[in-house]
Each structure stands twice: as structure tokens, then as C-alpha cells.
Amino acid sequence: MTASQNTSQCTPAESRRRILITAGPTHEPIDAVRFIGNRSSGRVGSALADEAARRGWDVTLLLGPASILPTFSTVRVIRFRTVSDLQQLLREHVPAADVLVMAAAVADYRPKVDPAFFGGKFRRKSENLMLELEPTPDLLAQVASGRRSDQLMVGFALEPRDEVLESARAKLVRKKIDMVVGNPLETMDAETIEATVLTTDGGEYKTPGTMTKPQFAPWLLTLIEAQAAARQSRTA
Ligand code: CTP
């Protein structure tokens with residue numbers, strides 16, 4: 001760790017503000033060998049975790065099956081694989097958090113696994129195979145519905161470019177959260193990002209053009225910190 005990475009250790013742990021970040025994809029098993037997943041790289045969540053640690057936050061990163069890891073040793077990394085794993089981890093860690101940032105690409109559907117195959121392996125047959133999917137719970141909407149008024153909740157919306165704003169606005173209302181980071185679909189698995197952030201108080205913030213994901217993290221965290229401070233002072 002370098003001197004500049006040591007900031008968080010200068011502040012006593014109990015007085016540091018806590019941020020909980022989720023990142024990466026979920027993998028939903030079909031059988032013991034195969035899964036349904038998505039192309040999330042976990043880059044944004046990981047960069048955000050590093051930036052928050054650099055600014056002295058107490059950071060917990062719930063990270064799915066992604067290969068990109070935060071570089072700060074002070075970031076507490078806890079791994080998940082499935083939507084159910086993440087749901088359980090959120091139950092455990094949200095109560096202690098001041099801010100939740102849901103950057104994870106959570107599967108909307110998962111295979112309805114036949115218990116006879118769970119832990120085993122489907123064998124090749126010559127006929128077609130039907131896979132039944134069931135919807136997963138909306139984790140962010142769930143935690144937001146039971147949150148304390150001093151907690152700030154941030155979601156992401158990955159959408160076709162011409163639907164980003166409308167869809168991000170709808171998610172802000174539907175999930176009852178405070179901020180939505182809207183991105184065009186091209187952001188997925190890419191090195192760069194171009195975002196529009198919407199807040200419940202009517203704010204609309206656009207990135208100054210396309211940024212790399214490490215450049216984007218400080219830009220977004222500054223917005224999050226301002227919203228978190230405003231929420232704290234309203235509820236103090
Ligand atoms: N999310 C979640 N639980 C899910 C699906 C998504 O918590 N089952 C969170 C994501 O982490 C993200 C936000 O909700 O912060 C928006 O995710 P997105 O997949 O864009 O939206 P959905 O709610 O799934 O709606 P739609 O599929 O209609 O776009």
C-alpha cells in the first residue's frame with residue numbers, strides 16, 4: 001500500500017461512513033456444470049470501491065463472478081455467485097450501511113432447476129431441450145422498501161441509448177431509490193462509460209463525454225457524497 005492509499009487508516013473505524021457496493025454479474029446454475037450469466041465486468045463497482053476507500057469511507061464490496069478486483073487492501077471484498085447469495089448478503093450488510101450502490105448486474109430470471117439435476121449434469125439428447133425460467137426478486141426494490149430514512153440508495157439502469165432517460169426515471173420511482181445511474185447498453189463489458197445520473201430531487205447530471213471507468217468513479221462518488229450529505233442533514 002502506498003502513502004496515498006493510507007487515508008482510510010487515519011480515521012478511526014467507528015467514525016468512518018460506510019458504503020456498501022455490489023458489482024459484477026450473477027451466475028444462475030442450470031446444473032452442476034452450466035449457468036446463465038451476463039456480460040458485466042464489475043469494473044465500475046470495483047473502481048468505485050477503490051475511490052471510496054481512497055476518500056476514507058469504510059467500504060464493503062459484494063462482488064460476483066468477475067475477474068476485476070479492487071486494488072485497495074482496505075476494501076472488504078465478499079464474493080457471491082447467485083441472486084440468492086446476493087440477497088442473503090444484502091440482508092446482512094445493508095443495515096450497517098450509510099450508502100448502498102447497486103452496480104451489480106442482477107439476473108432477472110433464473111432456471112427453475114429440477115432438483116433431480118441439481119448437483120448433477122444434463123446429458124446430451126437428440127431432441128430439443130426446454131429450460132423453464134422463473135423471475136428473481138428485485139433486490140434493490142426489496143432493500144429500499146425497508147430502509148432507514150438516513151440511508152442513500154443508488155441504482156443503475158443499462159438501457160438502449162434512446163431509452164436511457166425515460167427508463168432511469170421510471171426505475172427511480174419504481175424502486176423508491178434516491179439516484180439512478182443511466183448508461184447505454186454499449187457500456188457493458190467496455191473500458192469506457194457515458195452516463196446520466198438522475199436524482200429524486202430533480203437533478204440530472206451528465207458525464208462530460210465518454211470517460212474511462214476509473215475516471216468515472218471519482219465523478220460519480222462526488223455526486224453520491226453530496227446526495228448522502230444532503231440526506232443526512234435532512235434526517236439529523
Ligand atoms: N436489480 C436488482 N434486482 C434485480 C434486478 C436488478 O436489485 N433482480 C438492480 C440492479 O442492480 C440495478 C437496478 O436494479 O441497480 C436496475 O437493474 P436493471 O436490470 O436495469 O432493471 P430491472 O429492474 O431488472 O428492470 P428491466 O429488466 O425492466 O430493465
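Computed over the chain, relative contact order equals 19 percent, with contacts defined as Cα pairs under 8 Å that lie 6+ residues apart. The aspartates and glutamates within cross-link reach of Lys213, meaning a Cα-to-Cα straight distance under 19 Å and a gap of 8 or more places when in the same chain, are Asp50, Glu51, Glu159, Glu186, Asp189, Glu191, Glu194, Glu225. Helical runs (DSSP H, four residues minimum) scored at -39500 (n - 2.57) apiece and divided by the length of the chain put the mean residue ellipticity at 222 nm at -8500 deg cm²/dmol. The length gained by stretching the chain between Ser126 and Arg234 to full extension, at 0.36 nm per residue less their Cα-Cα distance, is 32.5 nm.
Pick from Ser126, Ser149, Ser167 the residue whose mean-square fluctuation is largest in a GNM of the chain, springs joining Cα atoms under 10 Å. For the chain, modelled as a Gaussian network with Cα springs under 10 Å, the answer is Ser126.
The loop-placed chymotrypsin sites (Phe, Trp or Tyr not before Pro) in the range 68-141, going by DSSP, that have at most 12 neighbouring Cβ atoms within 10 Å of their Cβ come out as Phe118.
List the lysines whose alpha-carbon lies under 22 Å from that of Lys175, not counting same-chain residues fewer than 8 positions away? In chain and number order, the partners are Lys206.
Please compute the Kirkwood hydrodynamic radius over the chain, one decimal place, Å, based on all pairs of different Cα atoms.
Details: mean 1/r = 0.0535 Å⁻¹.
For the chain, the Kirkwood estimate is 18.7 Å.
Based on a Kirkwood Rh over C-alpha pairs, give the Stokes-Einstein translational diffusion coefficient of the range 147-236 at 10 °C and viscosity 1.306 mPa s in µm²/s. Each step should come with its number before you reach the end.
Values: Rh = 13.5 Å.
Reported coefficient: 118 µm²/s.
Most tightly packed first, judged by the mean number of other beta-carbon atoms within 10 Å of their residues, the peptides 186-192, 216-222, 137-143 read 216-222, 137-143, 186-192. Heavy atoms of the protein chains alone define the surface here; on that basis the chain has 51 Å² accessible area per residue at 1.4 Å probe size. Across the range 128-139, rounded Karplus estimates of 3J(HN,Hα) from the backbone phi angles (6.51 cos²θ - 1.76 cosθ + 1.60, θ = phi - 60°) give 4, 10, 9, 10, 8, 10, 10, x, 9, x, 7, 5 Hz, Gly and Pro being marked x. A DSSP coil position with no more than 15 other Cβ atoms inside 10 Å describes the following GluC sites (Glu not before Pro) in the range 61-138: Glu127, Glu132.
The values are calculated or read from the model by the stated rules, or taken from the named source; none is laboratory data. Not measured: the values here are computed from a predicted model. Note that each Cβ is placed from the backbone with ideal geometry, even for glycine, and that neighbours are counted across all protein chains shown. Just the protein is used for accessible areas: all its heavy atoms, side chains included, with ligands, DNA and RNA removed. Shrake-Rupley method; radii C 1.70, N 1.55, O 1.52, S 1.80 Å.
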